[in-house]
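Read through the structure below, which is laid out as structure tokens, and then see the notes.
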Amino acid sequence: MNSTVLNLKRNVALLASCQAMLFINNSTLIAINGLAGLALAPYAGLATLTVTFWVLGGALATMPASLHMKRVGRQAGLMCGTSWGIVGALICGTAIWLQSFWLLCFGTLVWGVYNAYGQYYRFAAADVATPEFRPTAISLVLAGGLVGGIIGPTLSRWTVDLLPQKFMGAYLVLILAAVATMTLLRQIRVPPPSAAEREGSGRPLWEIAAQPKFIIAVLSAAIGYGVMNFLMVSTPIAMQVCGHPFGATAMVISSHIVGMFGPSFFTGSLIKRFGVLNVMLAGAAINLVCIGIALAGITIAHFWWSLVLLGVGWNFLYTGGTTLLTETYRPEEKAKAQGANDQCIFIMMLVSSFSAGLTVTSAGWSRVNVLALPMIAVVAGALIWFMFHQRAAQRAAAA
């Protein structure tokens, strides 16, 4: 095995480990942010504003993060991004100590910057992989989130009451995951951007974004993420309203994140065998099944199956969308194309996280799921249209 292949596998393994650390943080935040917000918010409808500010931090930082890494390279940029997680954890811990809802929102906003940088682990994998290995590299890095999905909610159960102020320990312990991430990042060997990549601008963003393939990639990933976030953020509050204990909620969220990242061990292979569009369409269909189960009942089993399938559907849409996106830009254009893609994802997450709290507390869990249906229908319709569009283009080229 030559050194190039060894270096590729080493980088993918390290990036997957960084993804694991990121999702130890993220899955813990998913499990506790809404409940911490509910405990401190002036009224229940603002409970998920802590999640909204977390997403807002990512939305504000994602394009600057991408442009920053274009200048300084992946390794230095990701190191800088991780430091924001440490600062955010300290602010959140202080907010719980002071019982300040708005300081907690600010802390999650800062933490969102770390999340924005962390979303580029998958693109770092695409940078170092050959075109043939790219779908597998992307999906294997995303598979690192499986570790976070198992450890994060379990960690939250152990640390939520670790200190006298509930939730404070859970926030502060996550500093360790951020420090571990910085240690891993020091070992990564990603080639620095070339002078042409740093200085070149390529086509205008509007021209890149006008490509049907770019539109489908962004639409599928953004709506897929928005629907996943809308249902996931609502789940802890809905389960509490239904009388389920926090341990059950943490177990459901943990299983959901396993559903999100477990398929990544074979999603890349599925894409190579069946095609990226077919895998993405399967993801939309799985999301529809998830909503059907959620509407069928409110037992722990209904929540569990619904959230697991929600994760699998998200995986197919997100991995497929990322893979499709890498086919739409030139090397010097990747920073703005990737930044625009993730900006759209974070905007969808922002809207979905804010509306989730208002919807689940005022209209209930069933209404949350009903509102998700038309969004998935849009994705499925767009994918079917694009599949016919591609076939028509291929027939015209062959004529």
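The values are calculated or read from the model by the stated rules, or taken from the named source; none is laboratory data. Not measured: the values here are computed from a predicted model. All Cβ positions, even for glycine, are placed from backbone atoms using ideal geometry, and neighbour counts span all protein chains on display. SASA here: full protein model, heavy atoms, side chains in, ligands and nucleic acids out. Shrake-Rupley method; radii C 1.70, N 1.55, O 1.52, S 1.80 Å.
Data overview
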read-out: Selection status of residue 319, closer than 20 Å to residue 23 by Cβ and within 16 Å of the chain's Cα centre (by Cα); value: yes
read-out: Matching entry among 363, 335 (being small (Gly, Ala, Ser) and without any contact (Cβ under 8 Å) to a residue 60 or more places away in the chain); value: 363
read-out: Close pairs from segment 292-310: first under 19 Å from residue 30 (Cα atoms), partner in a loop (DSSP other than H, G, I, E, B), Cβ under 6 Å, at least 6 apart; value: 300/244
read-out: Residues of segment 218-233 classified as at pLDDT below 90 and in contact with a Phe, Trp or Tyr (Cβ under 8 Å, 6 or more places away or on another chain), total; value: 0
read-out: Residues satisfying the stated conditions in segment 352-374, i.e. surrounded by fewer than 18 Cβ atoms within 10 Å (Cβ to Cβ) and in contact with a helix residue (DSSP H, G or I) (Cβ under 7 Å, 6 or more places away or on another chain); value: 358, 362, 366, 367, 373
read-out: Members of segment 145-185 that are assigned to a helix (DSSP H, G or I) and of a type in the set (Phe, Trp, Tyr); value: 158, 171
read-out: Some residue of segment 201-217 being at pLDDT below 90 and part of a helix (DSSP H, G or I); value: no
read-out: From 258, 289, residue being in contact (Cβ under 8 Å) with a residue 60 or more places away in the chain, assigned to a helix (DSSP H, G or I), open to solvent by 10 Å² or more (accessible area, probe 1.4 Å) and closer than 30 Å to residue 240 by Cα; value: 258
read-out: Scan of segment 8-24 for residues that are in contact with a Lys or Arg (Cβ under 9 Å, 6 or more places away or on another chain) and at pLDDT 90 or above, ordered by number; value: 14, 15, 19
read-out: Extreme residue, nearest to residue 338 (Cα to Cα), among residues of segment 186-210 that are open to solvent by less than 50 Å² (accessible area, probe 1.4 Å) and of a type outside the set (Gly, Ala, Ser); value: 208
read-out: Conditions (1) touching a residue at least 40 places away in the same chain (Cβ under 8 Å); (2) open to solvent by 10 Å² or more (accessible area, probe 1.4 Å); number of the one not met by residue 13; value: (1)
read-out: Qualifying residues in segment 145-158 (those that are in contact (Cβ under 8 Å) with a residue 40 or more places away in the chain and open to solvent by 10 Å² or more (accessible area, probe 1.4 Å)) - the one nearest to residue 318 (Cα to Cα); value: 146
read-out: Unmet criterion (only one of (1) over 15 Å from the mean Cα position of the chain (by Cα); (2) without any contact (Cβ under 8 Å) to a residue 60 or more places away in the chain) for residue 67; value: (2)
read-out: Residue in segment 133-144 that is in a helix (DSSP H, G or I), basic (Lys, Arg) and either out of contact with any Leu (no Cβ under 8 Å at 6 or more places or on another chain) or more than 27 Å from residue 250 (Cα to Cα) (or both) present; value: yes
read-out: Within segment 349-366, tally of residues that are of a type in the set (A, V, I, L, M) and either in a loop (DSSP other than H, G, I, E, B) or within 19 Å of residue 39 (Cα to Cα) (or both); value: 4
read-out: Tally of residues being free of Cβ contacts under 8 Å to residues at least 12 places away in the same chain, assigned to a helix (DSSP H, G or I) and among the hydrophobic types (A, V, I, L, M, F, W, C) across segment 378-399; value: 7
read-out: Yes/no for residue 21 being part of a helix (DSSP H, G or I), over 21 Å from residue 143 (Cβ atoms) and touching a residue at least 40 places away in the same chain (Cβ under 8 Å); value: no
read-out: Complete set of residues in segment 37-72 that are at pLDDT below 85, buried (at least 24 other Cβ atoms within 10 Å of the Cβ) and more than 14 Å from residue 351 (Cα to Cα); value: 37, 47
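Residue-by-condition table, conditions (1) modelled with pLDDT of 95 or more; (2) within 23 Å of residue 213 (Cα to Cα); (3) within 22 Å of the chain's Cα centre (by Cα):
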position: 328; (1), (2), (3): no, yes, yes
position: 338; (1), (2), (3): no, yes, yes
position: 344; (1), (2), (3): no, yes, yes
position: 364; (1), (2), (3): no, no, no
position: 367; (1), (2), (3): no, no, no
position: 387; (1), (2), (3): no, yes, no
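Conditions (1) touching a Gly at 6+ places or on another chain (Cβ under 9 Å); (2) within 19 Å of residue 28 (Cβ to Cβ), marked per residue:
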position: 222; (1), (2): yes, no
position: 237; (1), (2): yes, yes
position: 241; (1), (2): yes, no
position: 252; (1), (2): no, yes
position: 287; (1), (2): yes, no
position: 318; (1), (2): yes, no
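Let's see how each residue does on (1) open to solvent by 30 Å² or more (accessible area, probe 1.4 Å); (2) hydrophobic (A, V, I, L, M, F, W, C); (3) outside any helix (DSSP H, G or I):
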{"residue": "77", "(1), (2), (3)": "no, no, no"}
{"residue": "88", "(1), (2), (3)": "no, no, no"}
{"residue": "97", "(1), (2), (3)": "yes, yes, no"}
{"residue": "108", "(1), (2), (3)": "no, no, no"}
{"residue": "130", "(1), (2), (3)": "yes, no, yes"}
